[in-house]
Amino acid sequence: MNVLEETKPCFNAVLPFNFVSFIAAVSFVLLPSAASSQNLSSSIVNKNQISINRPFLSSSLPESDFGAYDQRQIEPLGDIGRQQQRIGEHLQALAFFKQALHVVRINNGLYHEAQLPILSDIIESETALKNWEAVDDRYSYMEHLYRRLYSLDDPRLEQGLREVSSWHVNALNVNIDGKRVQHLRQANKVFKLRLLIAERTLAFGDPKFDFLIQNIEICERQLYLASDLSKEINERRPRGRVYNYDRRSALVADRD
């Protein structure tokens, strides 16, 4: 079976695929003006520049600039985190991103779109560290967040679900964490939701329908082959006619 390709999440440096990373840009720093916001962010980055490579760099910003949960620190935290990513200090980057995410939740509540770009940053660093369980948890939360934030008619929901399904498809196709059946179930669920969205938002005959239907069929076929029922039937078949769970036939298309 020919394997199609789709936009890959933020782990193109780890898996053997060539994909386009998901990029989200949300501005949520509330300062008197754009110029003052830029100056403040630059000032804080400069204050941390000297010690940026130190292993035990604090993930907190100077208390003189911000209160503990001042939402103006969200953008500077993200800037420093991405600077840490660029030099390969992903553990330090995660500390800054997680603090930024915490401040967003404190100020904006548990369901706010300002979390989405921070989640993407966190996923990028967790992927670089090959923390696959953490990556999976973050994508699960990202899916939950997208479904809470956007209606079925909102194109942003399809964009987010496409990112989530790409993770599950790539993870199961290369068996990245030994949880292929779990990723099959999750991918199948997301593809079905994307098909429902397509039925509401796309014109009849759009090629995305074929892509989604094909992937749903592959997922369900492979889930059946991995099921106890399939194993029981195989045990009853004459020797030589057993249908094994074939990894090669389980490769799901992930580009549309």
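The values are calculated or read from the model by the stated rules, or taken from the named source; none is laboratory data. Everything numeric in this text was worked out from a predicted model, so none of it was measured. Methodologically, a virtual Cβ is constructed for each residue, glycine included, from the backbone with ideal geometry; neighbour enumeration extends over all protein chains shown.
Counting only residues that are part of a helix (DSSP H, G or I) and among the hydroxyl-bearing types (Ser, Thr, Tyr), which one in region 104-138 is farthest from His168 (Cα to Cα)? The extreme case among them is Ser125.
If I ask for residues that are touching an Asp or Glu at 6+ places or on another chain (Cβ under 6 Å) and of a type in the set (Lys, Arg), which ones from region 163-183 would you list?
Across region 163-183, there are no qualifying residues.
Scanning region 120-158 for residues being surrounded by fewer than 18 Cβ atoms within 10 Å (Cβ to Cβ) and under 11 Å from the mean Cα position of the chain (by Cα) gives a total of 4. Scanning region 197-252 for residues that are assigned to a helix (DSSP H, G or I), modelled with pLDDT under 90 and within 24 Å of the chain's Cα centre (by Cα) yields a single hit, Ala250. The conditions of being of a type in the set (Lys, Arg), out of contact with any helix residue (DSSP H, G or I) (no Cβ under 7 Å at 6 or more places or on another chain), at pLDDT below 95 and not assigned by the TED database to the domain that holds Leu184 are not met by Arg86.
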